[in-house]
Amino acid sequence: MAESSLKEQLGNAVKDAMRNKEKDRLVTLRMAQAAVKQIEIDERRELGDDDVLKVLDKMLKQRRDAASQYEEAGRGELADKERAEMAIIEEFMPAALSEEELEGLIRAAIGSTGAKGMQDMGNVMNELRPQVTGRVDMGQLSKMVRAALAG
């Protein structure tokens with residue numbers, strides 16, 4: 001199987017960071033590479049771009065959560081470190097969806113699933129997930145779907 005272009009980009013970024021002696025960037029990129037490699041080893045398969053995006057998206061969510069917890073605890077320097085790591089990881093993510101694009105996708109998903117109310121939220125989210133992975137915060141998406149289903 002051909003190597004994922006996203007994995008190649010990650011590998012090239014690691015090499016560039018090493019050449020340019022960008023220590024913090026290198027640590028973050030290697031962490032992302034290690035997370036991808038770990039899943040490949042655990043599942044005994046080569047990851048494609050979609051799978052790599054899911055790994056990076058999960059890493060972003062972890063950093064977002066950690067940054068907000070550090071902020072609440074008054075540890076601004078640690079929150080800044082998490083945000084810096086987020087910025088590096090986000091370089092590999094597809095462009096974020098605008099609110100209008102997201103609302104359009106939600107309307108289409110509600111229409112295609114025939115959702116009538118909150119009991120259908122899982123179906124709508126399952127319809128949307130493949131289209132938006134890595135392009136939107138799933139917590140934000142969940143709130144928007146909930147609001148759309150509530151009418």
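The values are calculated or read from the model by the stated rules, or taken from the named source; none is laboratory data. Note that the coordinates shown come from a computational prediction; the quantities given were computed from them, not determined experimentally. Every residue, glycine among them, receives a Cβ derived from its backbone with ideal geometry; neighbour counts consider all protein chains shown.
Yes or no: Glu82 touching a Lys or Arg at 6+ places or on another chain (Cβ under 6 Å) and in the same structural domain as Val55 (by TED's automatic domain parsing)? Yes; evaluated as a whole, the condition is true for this residue. Residue count for the stretch 25-42, restricted to those that are within 20 Å of the chain's Cα centre (by Cα) and either more than 27 Å from Lys81 (Cβ to Cβ) or touching a residue at least 12 places away in the same chain (Cβ under 8 Å) (or both): 12. Considering only residues that are surrounded by 15 or more Cβ atoms within 10 Å (Cβ to Cβ) and over 14 Å from Met138 (Cβ atoms), which ones fall in the stretch 50-74? Hits for the stretch 50-74 are Asp51, Val52, Val55, Arg63, Ala66, Ala67, Tyr70, Glu71. Any residue that is touching a residue at least 24 places away in the same chain (Cβ under 8 Å) and among the aromatic types (Phe, Trp, Tyr) - is there at least one of those in the stretch 70-82? Among the residues of the stretch 70-82, not one is touching a residue at least 24 places away in the same chain (Cβ under 8 Å) and among the aromatic types (Phe, Trp, Tyr), which makes the answer no.
Screening Glu85 against (1) crowded, with 17+ Cβ neighbours inside 10 Å; (2) farther than 22 Å from Tyr70 by Cα leaves a single unmet condition, (2).
Output yes when any residue across the stretch 3-25 is in a helix (DSSP H, G or I), among the hydroxyl-bearing types (Ser, Thr, Tyr) and surrounded by 15 or more Cβ atoms within 10 Å (Cβ to Cβ), and no when none is. Within the stretch 3-25, none of the residues are in a helix (DSSP H, G or I), among the hydroxyl-bearing types (Ser, Thr, Tyr) and surrounded by 15 or more Cβ atoms within 10 Å (Cβ to Cβ).
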